[in-house]
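Step one of this worksheet: look at the structure below.
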Amino acid sequence: MQKLKMFLRLTLKSFKERKSRIAIAFFAIVVGIGVITSLFSVYYDINLKMSKEMRAYGANMILTPDSSNQQDQNNKMLSMNKFNQVVSKFSDQNLIGVRPNLYGIIELQQNSVKGVFSNMRPAVMVGTWFDQVEKVNPYWKIEGELPVNREVDDEIVLGKTVAEKLGYSVGEKIKMKLSDSYQVKEFIVAAVIESGSDADNQVFVNLKTAQKLLNKDNKISAAYLSVLNYENDPALLKGIENDIIGINLNSIKKIASSESKILDKIKSLMYLVVIIILLSTLLCVSTTMMTIVTERKEEIGLKKSLGADNKNVIIEFLTEAAILGGFGGLLGYGIGYLGAQIIGQSVFGSFISFRLPIIPFAFFLSVFVACLASIIPVRLVIDVDPAVVLKGE
């Protein structure tokens, strides 16, 4: 007990007498560990955060009928029951949005020759859920208002190209008939959308309306899903396919591959920054400890002359470094966590999750860095000759 008290007393005195040197090393550890823990906090959340950001580019998964199933091959349709089963496989937290589509060929009357049915133009009609457009296709530019009420059956949404070719704008009435029928139905143009994709050449109605017109009750052609953290997990998607017979569930390669590439580049950059910070911290702490050991040569010589061996002196210096690193690591974690929140708010617009394992990681990493940085300076302790040092040579 007396030895421990004496040891702690000498350690505290060493810190007090070299406040400026200790402060430099402590500051280097705090800043280095703070940056590293901040990056690691962001690293653990980056998959989820980036997945949310990438949802601005649209759906990342597509559900279609299984072409290998002869029954589905004949009608090329999915039942709403199977669609609902697939949707139920995803949690509410991960499912951003889902938009089922039912396709059919129809004919639209040109605006310039109202009433003349010979001037009908063919187009692709898509029955869908308009209330899911903002979630699944947030990049669509919309003029007017989408009929988000799924029961509305007299409103239609035109793709920009279709609207321009036929000469319609928001609020006008348009006549439509099925390509294989003489039945004509009149709609009001509720909105015109611009997507920069095939949707510009399509017209949209509510799903129930399309099912009724096409006589495809309870059927859909495909569905687009915007889901977090599932698109790059083929095994999970295959498991859903095995559980629900007659479906194909695949990631949209263009979106998934882009997301994967961006994540890989960001993570590689984070690794590089962590390595640079670690090396910088090691260099700064090592240089400071070297100065401290040089200043304490006489003290070391005196201890050796009183009977202390190299092992005792080395343990003393490494313990001081460990204490310095431990406190620096804890403070660095606190600063790093605040830094992670700033990054989360500024980049992703949300807070970074609290990760308990990062606290011991920061503590042990800082202790390891401080001790590792002290190895070269501590080697000088072995070479100290008490007789030479105490003579002042």
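Structural remarks
- Pairs beyond 29 Å (Cα-Cα), from Lys135/Lys238; Lys89/Lys261; Lys141/Lys185; Lys238/Lys265; Lys177/Lys219: none
- Hz values of 3J(HN,Hα) by residue in region 332-344 - Karplus curve (6.51, -1.76, 1.60), Gly and Pro given as x: x, 5, x, 5, x, 5, 5, x, 5, 5, 5, 4, x
- Computed lengthening from Thr64 to Asp154, 0.36 nm per intervening residue step minus Cα-Cα distance: 29.6 nm
- Packing-based ranking, highest mean first, of 59-66, 237-244 given that Cβ atoms within 10 Å are counted: 59-66, 237-244
- Efficiency of FRET from Cβ geometry, Leu338 and Ile262, R₀ 30 Å, rounded to 0.05: 0.70
- Extension gain, Val184 to Asn119, is 22.0 nm, computed as 0.36 nm per intervening residue step minus the present C-alpha separation.
- Interchain or long-range residues, amide H under 5 Å from Asn101's placed H: Ser221, Ala222, Ala223, Tyr224
- Under the simplified labelling scheme, the Lys173-Lys141 pair shows an inter-label distance of 3.1 nm, with each label point 7 Å from Cα along Cα→Cβ.
- Contour minus Cα-Cα distance for Ala235 and Leu380 (0.36 nm per residue): 46.5 nm
- On the basis of the beta-carbon distance and an R0 of 45 Å, Asn250 and Asn312 show a calculated FRET efficiency of 0.10.
- Computed E for Phe27/Asn94 - FRET, C-beta separation, R0 35 angstrom, nearest 0.05: 0.25
Values quoted throughout were computed directly from the atomic coordinates according to the rules given, and no laboratory measurement underlies them. Model, not experiment: these values are computed from the prediction. We place every Cβ from the backbone using ideal geometry, glycine too, and count neighbours over all the protein chains shown.
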